[in-house]
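First the structure, in the form of structure tokens, and then the observations on it.
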Amino acid sequence: MLGFSMIQLTKTHSEKLDKELRKSLVHLYKPLRRTPCFLHRSIEKYLEKRKKFPVIIEFEEEKVMYSGISKVHDLVGKEKHCKVEHEFPSTCCCSGVLTASAIEKILSDDCHIKKIYYDREVMALLDVASPAVHAHALNQMGLTGKGVNIAVVDTGVYPHQDLTQPENRLIAFKDVVNNREEAYDDNGHGTHCAGDAAGNGFASNDKYQGPAPEAGIIGVKVLNQMGSGSLSTIIAGIQWCIDHKEEYQIDILSLSLGAAADESDCDDPLVQIVDQAWESGIVVIVAAGNSGPDQRTVATPGISSKVITVGAVDDRNTVERSDEQIASFSSRGPACGEDSKPDLVTPGVNIVSLRSPGSYLDKTSKSNRVENDYFNLSGTSMATPICAGVAALILQEHPEYTPDQVKQQLLAGAVDIGLPPYVQGAGYLDAEKALEFTGREE
């Protein structure tokens, strides 16, 4: 099989093909193991022309991106079953569907390609919290996230009364999956996350309330009804946030999603786009992942050194911290040389937040319903928007802060709970302590 063209391609261009795509191209020949040798060449040609791969193509630099895309268009336009779909100028990338022969063709020509990635699956990271991070004390002092907007990039947001009453705080909604205009959530995960950050407890007499109960929410649907998506849909959603940052005053991105990271590539397309959002002035908060307790399990884009990566604590449904421990599922570092990934931890076990009636999770996990309007979930997915809510309190107090300054305050407000940095990062987030370092007078 060493003579087959795709095997030669993966050897010749190994530095321009990510690990997942190299593996997929080699697996193209799996059916040939049980096929007579005299049929191999004809079947090989058939598979190379027919088998389609969703890909993200990264170009060498911005000034050659559009000429590179134009050349790719010209080359794949002559191939059946191929198309270029979306362009992502912030990361010098485009996405598309290519056959193996088309991949070979664009790598053999001068298309200014830096790397081609398999457009792999990204999943929602799902596997008492607000008082435990001491946010309620700050709420009572007038810090509620008012005037700060959080974009929840997830499965969508259902217009729950805890977000729409007594005033509507759903600022905007973008659906890159089904292109619907009205806010909805057919999975339920994104709605829960929105409430983790900014639910005001309207339907529970303030019982279930997030750290920032007056913050605005922008729902960005990038994951489907089953809670999955692809690298390209996530990138498209984050690109939309960057492009509409000023229009909707997007201050914070909360990303409770991720894909398995390749530690040999710490600058993959998801890392690049969240870093671009960070550089544009948006605070980006990302789930560490639910692949613990093993080390080196932090998901991408949580491996980014810029963003705030959040692990999960089991708060045992108590406000006191003496009985708490890191959730077994919470992913551990190190990640891409960052010993302290995750950056910090917040509660992520048995978190009660907003229910999206009739959604996939609502139908399949009826036992998780709490009263009529709420839902119980666990995961670093829940820990992440709780941190985003605390970040909103910091930005309300100091709207001039850059993302780096917000990160510094959050880390300064983390309490060391005696675990290694690759488990706890800086420690367990304490919102009151974080605000002590901003110069607030009490």
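The values are calculated or read from the model by the stated rules, or taken from the named source; none is laboratory data. All values derive from a computational prediction rather than experimental measurement. Ideal geometry is used to build each Cβ from the backbone, glycine not excepted, and the neighbour counts take in all protein chains shown. Remember, those area values only see protein heavy atoms, side chains included, never the ligands or the DNA or RNA. Shrake-Rupley method; radii C 1.70, N 1.55, O 1.52, S 1.80 Å.
Worth a mention:
- Of the criteria (1) buried (at least 24 other Cβ atoms within 10 Å of the Cβ); (2) within 29 Å of LEU270 (Cα to Cα); (3) small (Gly, Ala, Ser), which one GLY147 fails: (1)
- Taking the stretch 194-280 as the region of interest, the helices (runs of 4 or more DSSP H) fully inside it that hold 2 or more residues being among the β-branched types (Val, Ile, Thr) and closer than 19 Å to THR380 by Cβ are 231-243, 269-279.
- Selection of the stretch 173-191 for residues being in a loop (DSSP other than H, G, I, E, B), surrounded by 23 or more Cβ atoms within 10 Å (Cβ to Cβ) and among the charged types (D, E, K, R) yields only ASP186.
- Taking the stretch 356-442 and the helices (runs of 4 or more DSSP H) fully enclosed by it, the elements with 3 or more residues that are farther than 27 Å from GLY333 by Cα are at 360-364, 380-397.
- Of all the criteria given as (1) of a type in the set (A, V, I, L, M); (2) modelled with pLDDT of 95 or more; (3) open to solvent by 10 Å² or more (accessible area, probe 1.4 Å), the one not satisfied by ALA137 is (2).
- The residues listed here are ASP362, ASP339; of these, the one that is open to solvent by less than 10 Å² (accessible area, probe 1.4 Å) and over 20 Å from LEU255 (Cβ atoms) is ASP362.
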